[in-house]
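For reference, the structure is listed below as structure tokens.
Nothing in this text is a laboratory measurement; each read-out follows from the coordinates by a stated rule. Treat the numbers as computed from the prediction; the structure is a model and nothing was measured. Virtual Cβ from ideal backbone geometry, glycine too; neighbours counted across all protein chains shown.
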Amino acid sequence: MSHTVRGVVAAGKGAPVRVEQIVVPDPGPGEALVRVKACGVCHTDLHYREGSINDNFPFLLGHEAAGLIEAVGDGVDGLAPGDYVIIAWRAPCGTCRSCRRGRPWYCFDSRNATQAMTLADGTRLSPALGIGAFAELTLVAAGQAVKVDPAARPEAAGLVGCGVMAGFGAAVNTGGVQRGDSVAVIGCGGVGNAAIAGATIAGARKVIAVDVDPRKLEWARRFGATDVVNATETDPVEAIKALTGGNGADVVIEAVGRPETYRQAFFARDLAGTLVQVGVPDPSMTIELPMIELFGRGGALKSSWYGDCLPSRDFPLLIDLYLSGRLDLDGFVSETIGLDDVEEAFARMQRGEVLRSVVVL
Ligand SMILES: NC(=O)c1ccc[n+]([C@@H]2O[C@H](COP(=O)([O-])OP(=O)(O)OC[C@H]3O[C@@H](n4cnc5c(N)ncnc54)[C@H](O)[C@@H]3O)[C@@H](O)[C@H]2O)c1
Ligand SMILES: [Zn+2]
Ligand SMILES: [Zn+2]
């Protein structure tokens, strides 16, 4: 049996998204059908719509979701109808060369549903990040559905499924922020502010927030920024250095995805410091750096895929931090909207009016 439900589809490069009738199959072996309760609007959804991820239109957007298991396919253990889950875009396979080396947080062959969701005419949909959760129901690999404490409201919990985990993990997992570190975060949207929250929880002594929008900087303070820098008024590299005794930060997190902010992050580090790139660039972007600076500054230049998270380990942990009042997930929820409002939410994101608009179903 299959289910016809409403879902938000990006039909072509730059075209406004539309709510369409989509067909979602019942779960086959190893799959889970999830009734979506809430799904955040992430900048990556907009990257998909703009064709900057790949050209596999039409996309079923949405990938920051919490919901309830509706049904599971054959051979699925540890998951039952009614379970409250956050959907992950990483479900380690256990057998790729990275998993076999004990590094499942990089899994190179992450699992997704094998059956396709389609438009009513049978056209195959590409679910954003293998999820596609701006829809009443979505089909995922069972390993993508991670059980968490149902006391966490879905609007907040869903955000752990992408932006919050990506930012938090960029600081804590990839950047390895430790007690006493100085940290700078360039770009304080949902992802950057989650990095600020992660660095704060990890015990950073100084957390410097950089953005071009004063509203974002106000929010950054709420998540733990000790200092804020408006990059339209002050050179961020000079400002970060001035705030760190002239040295630069131990860890600088780039959460915009542009060459100029990457360059700032590179030069705003202390010697032997770490740069973490979590912002997703457009495929046309390039960067040029003097090799002597690459060598002479030492340290590490890292990319963070999904905060190098292990969803089964990290999602319940972040939800527990939320429920105990130490991680302000509610602070990321700027507004709740309906499925019909995603296009307008993209515009609000671009105007910098929101950290996260969250679709509630
Ligand atoms: N690596 C991952 O696994 C992962 C996961 C989720 C999202 N992302 C990416 O992270 C990035 C941020 O996502 P988001 O949802 O927070 O987006 P967002 O649009 O909410 O935030 C981007 C922020 O950058 C700021 N900004 C823009 N230009 C700037 C500049 N020159 N200097 C300083 N700040 C500037 C904006 O004002 C905004 O606050 C996106 O590229 C997104 O695709 C990566
Ligand atoms: Zn693997
Ligand atoms: Zn995302």
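Close amide H partners of Met117, meaning residues 5 or more places away or on another chain with modelled amide H under 5 Å apart, are Leu125.
Work out how much length Asp121 to Leu271 would gain on full extension: take 0.36 nm times their residue separation and subtract the Cα-Cα distance, in nm to one decimal.
Numbers: separation 150, 0.36 × 150 = 54.00 nm, distance 5.75 nm.
Working it through step by step, the gained length comes to 48.2 nm.
Using the Cα centre of the range 221-303 as the reference point, and only Cβ charges (+1 on K/R, -1 on D/E), how large is the resulting charge dipole? Debye, rounded to the nearest 20. Write down the numbers at each step before the final one.
Working: 8 positive and 11 negative charges, 51 e Å.
Approximately 240 debye in magnitude.
Each semi-axis of the equivalent ellipsoid for the range 189-297 is √(5λ) with λ an eigenvalue of the Cα gyration tensor; in descending order they amount to 21, 17, 13 Å. Of the residues Ser126, Thr200, His43, the one whose Cα sits farthest toward the positive end of the charge dipole of the chain, with +1 on the Cβ of Lys and Arg and -1 on the Cβ of Asp and Glu, is Thr200. Relative to the current alpha-carbon distance between Arg221 and Leu323, full extension at 0.36 nm per residue lengthens the span by 34.7 nm.
A dipole drawn for the chain from +1 and -1 charges on Cβ atoms has a positive end, and of Leu271, Thr226, Thr174 the residue lying farthest that way is Leu271. Legend: ranking of residues Ser126, Ser182 from fewest to most surrounding C-beta atoms inside 10 Å; resulting order Ser126, Ser182.
About its Cα centre, what dipole magnitude does the range 181-276 give when the only charges are +1 on Lys and Arg Cβ and -1 on Asp and Glu Cβ, stated in debye to the nearest 20?
Numbers: 10 positive and 12 negative charges, 41 e Å.
Approximately 200 debye in magnitude.
Label-to-label distance for Ser312 and Gln178 is 2.9 nm, based on points extended 7 Å past Cα in the beta-carbon direction. In order along the range 45-62, the Karplus-derived 3J(HN,Hα) couplings, from 6.51 cos²θ - 1.76 cosθ + 1.60 at θ = phi - 60°, round to 4, 5, 4, 4, 4, 7, x, 8, 9, 6, 9, 7, 5, x, 9, 9, 7, x Hz, and Gly and Pro are given as x.
Quick one, can you get me the convex hull of the C-alpha atoms of the range 270-361 expressed as volume per residue in Å³? Don't jump to the answer; show the numbers that get you there.
Details: hull volume 17.0 nm³, N = 92.
Output value, Cα hull per residue: 185 Å³.
Evaluating 6.51 cos²θ - 1.76 cosθ + 1.60 at θ = phi - 60° for every residue in the range 95-109, the Karplus couplings come out as 10, 5, 5, 6, 4, 5, 8, x, 10, x, 6, 9, 1, 8, 9 Hz, glycine and proline recorded as x.
Calculate the all-directions average of the projected area of the chain's alpha-carbon convex hull, and give it in nm². Show your work: numbers first, answer last.
Values: hull surface 68.5 nm².
With every direction weighted equally, the projected area is 17.1 nm².
Which value, in debye to the nearest 20, gives the size of the charge dipole of the chain about its Cα centre, when Lys and Arg are +1 and Asp and Glu are -1 at the Cβ? Don't skip to the end; give the middle numbers.
Details: 33 positive and 42 negative charges, 175 e Å.
In debye, rounded to 20, the chain gives about 840.
For the range 152-163, putting each phi into the Karplus relation 6.51 cos²θ - 1.76 cosθ + 1.60 with θ = phi - 60° gives couplings of 7, 5, x, 4, 7, 5, x, 5, 5, x, 9, x Hz, in residue order, rounded to whole numbers and with x for Gly and Pro.
Show me the ranking of peptides 243-249, 217-223 by mean Cβ neighbours inside 10 Å, starting with the highest.
Working: 243-249: 17.6, 217-223: 20.0.
Peptide ranking by packing, descending: 217-223, 243-249.
Bridging of Lys241 to lysines at a Cα separation below 28 Å is possible for Lys206, Lys216, Lys302, once same-chain residues fewer than 8 apart are set aside.
So what's the range 85-177 giving for Cα Rg divided by 2.2 N^0.38 Å, two decimals?
On the way: Rg = 14.9 Å, N = 93, 2.2 N^0.38 = 12.3 Å.
So the Cα radius of gyration is 1.21 times the expected 2.2 N^0.38 Å.
Sorted fewest first by neighbouring Cβ atoms within 10 angstrom, Thr274, Thr234 come out as Thr234, Thr274.
The residue among Ala345, Leu317, Val359 whose Cα reaches farthest toward the positive pole of the charge dipole of the range 308-359, with charges on the beta-carbon of Lys, Arg, Asp and Glu, is Leu317.
Can you sort Cys188, Cys39, Cys107, Cys93 from fewest to most other Cβ atoms within 10 Å of each residue's own Cβ? Walk me through the numbers on the way to the answer.
On the way: Cys188 31, Cys39 34, Cys107 21, Cys93 17.
If I rank by nearby Cβ atoms, fewest first, I get Cys93, Cys107, Cys188, Cys39.
Would you mind checking which residues have amide H under 5 Å from Val276's amide H? H placed 1.01 Å from N; only 5 or more apart, or other chain. Result for Val276 returns Val252, Ile253, Glu254, Lys302.
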